[in-house]
Each structure stands twice: as C-alpha cells, then as structure tokens.
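**Q** Have a look at this one before I ask anything.
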Amino acid sequence: MRSWIAGLALAGLTGGAVAAQSNDAVVEAILQADRDFAALAAEADIENAFAAWMDSVDGRLVRGTATPTRGEAQIRALFAGVPEGTLLHWEPEEGLAGSGDDFGVTWGVWELHPDGDRSTPPAGRGTYVTVWRLNADGNWRGILDMGTDDPSYQPPQAQADSQSAPEDD
C-alpha cells in the first residue's frame, strides 16, 4: 500500500516538474513581450506603444479613476497629450503564467523621464502590473495595465526645494 502511495506521489511530483518546464517557456515569452513593449515606448512614443501592445478592444488601463481606459481609441486619447520626447521606461522584474499557457502577468518598476534621458533622475517612479493574454494570432497582448507611484520617491528637484525651504520659527 505504501509503495502505491509513494509511486502516486512521485508521479505527481514528476508531472508537476514537466508542467513547470513548459510553463517556464510561457513565462519567458510574456517577459519578452513586456520588454518589447517597453522598447517600443522608448523608440517610438508612449501612445503608439500602448496602442500596439494593449489589446485593441479589451485592453484596459487602470489609472485611479472609477472607469478604466478601454480599447485603442481611449488609450490613444489618454496619451495624446504627452509631450514629445517624454520617456516612460520600465523593466519587468517577474512573470507568472496560468496553466493554460495563454494567460499571464508581469510586474516591474517604471520611471518617467520628461526630458527623454534615462541618465537623468526620473520625475517619477513606481511599480506596474500588466496582465497578458495570447490572442488568436499567437501574439501576447495586454488586457489590463495598472501602475502605482512609489510614495518614498522624491525627484531631486523636490528634494532640493524641501531642503531650501525656510523653516517656520
């Protein structure tokens, strides 16, 4: 009886390891999609990158309002006013994939550089989460993107302003 239970347990562990190996390839594909998304934002601009990489119908951006921005037209309208040359840079830190190999999540850190220069301190930074779905064409597209500000980060100018502010006596 014990050997049957041990065999069943071993089979379960082995099956899990095989599934995890398959899942690793999916996670890497999702991470690469996120990297390519960030590269387009750096090469082209924020509006075109989000329009290209978020699902044109189901893509949603949650930005602290009651209603998310949804679909390509609304996404383009959201970013249309961003000044030319502004760089939104991000890098995924980790990815996770569902067992069906058509759904996953990435998260990482973003920085905003209004001057377009990553060598200067960012005006803001925070974390983001993007939920990905494999579409019928075999391409990963974002269906939900959320970002938060890092409350501990103060841009250098804000730090200088707070240090030079007169104290109340």
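Yes/no matrix, rows are residues, columns are (1) at pLDDT below 95; (2) among the hydroxyl-bearing types (Ser, Thr, Tyr):
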residue	(1), (2)
MET1	yes, no
ALA11	yes, no
ALA49	no, no
ALA52	no, no
SER56	no, yes
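**Q** Conditions: (1) surrounded by fewer than 18 Cβ atoms within 10 Å (Cβ to Cβ); (2) within 25 Å of ALA29 (Cβ to Cβ); (3) among the charged types (D, E, K, R). GLU84 meets all but one. Number of the miss?
**A** It is condition (2) that GLU84 fails.
**Q** I would also like to ask the following. Is there a residue being within 18 Å of the chain's Cα centre (by Cα), at pLDDT below 95 and either on the phi > 0 side of the Ramachandran plot or among the aromatic types (Phe, Trp, Tyr) (or both) anywhere in the stretch 61-84? Steps first, please.
**A** Our first condition is that a residue be within 18 Å of the chain's Cα centre (by Cα); within the stretch 61-84, this holds for 61-64, 68-72, 75-76, 78-79.
Adding the requirement that they be at pLDDT below 95 leaves 63-64.
Checking which are either on the phi > 0 side of the Ramachandran plot or among the aromatic types (Phe, Trp, Tyr) (or both) leaves us with 64.
Yes, the stretch 61-84 has at least one match.
**Q** Answer yes if at least one residue in the stretch 132-139 is in contact (Cβ under 8 Å) with a residue 12 or more places away in the chain and among the hydrophobic types (A, V, I, L, M, F, W, C), and no otherwise.
**A** yes
**Q** Further question on the same structure: Any idea which of (1) at pLDDT below 95; (2) touching a strand residue (DSSP E or B) at 6+ places or on another chain (Cβ under 7 Å); (3) of a type in the set (Gly, Ala, Ser) is the one SER99 doesn't satisfy?
**A** (2)
**Q** Hey, could you check the stretch 27-59 for residues that are among the charged types (D, E, K, R) and in a helix (DSSP H, G or I) and say which is farthest from the chain's Cα centre (by Cα)?
**A** Start the filter on the stretch 27-59 by keeping residues that are among the charged types (D, E, K, R), which leaves 28, 34-36, 43, 45, 47, 55, 58.
Now drop any that are not in a helix (DSSP H, G or I), which leaves 28, 34-36, 43, 47.
Values: GLU28: 14, ASP34: 6, ARG35: 9, ASP36: 11, GLU43: 17, GLU47: 15 Å.
Result: GLU43.
The values are calculated or read from the model by the stated rules, or taken from the named source; none is laboratory data. All values reported here derive from a predicted model rather than from experimental measurement. In this analysis, Cβ positions are derived from the backbone assuming ideal geometry, glycine residues included, and neighbour counts consider all displayed protein chains.
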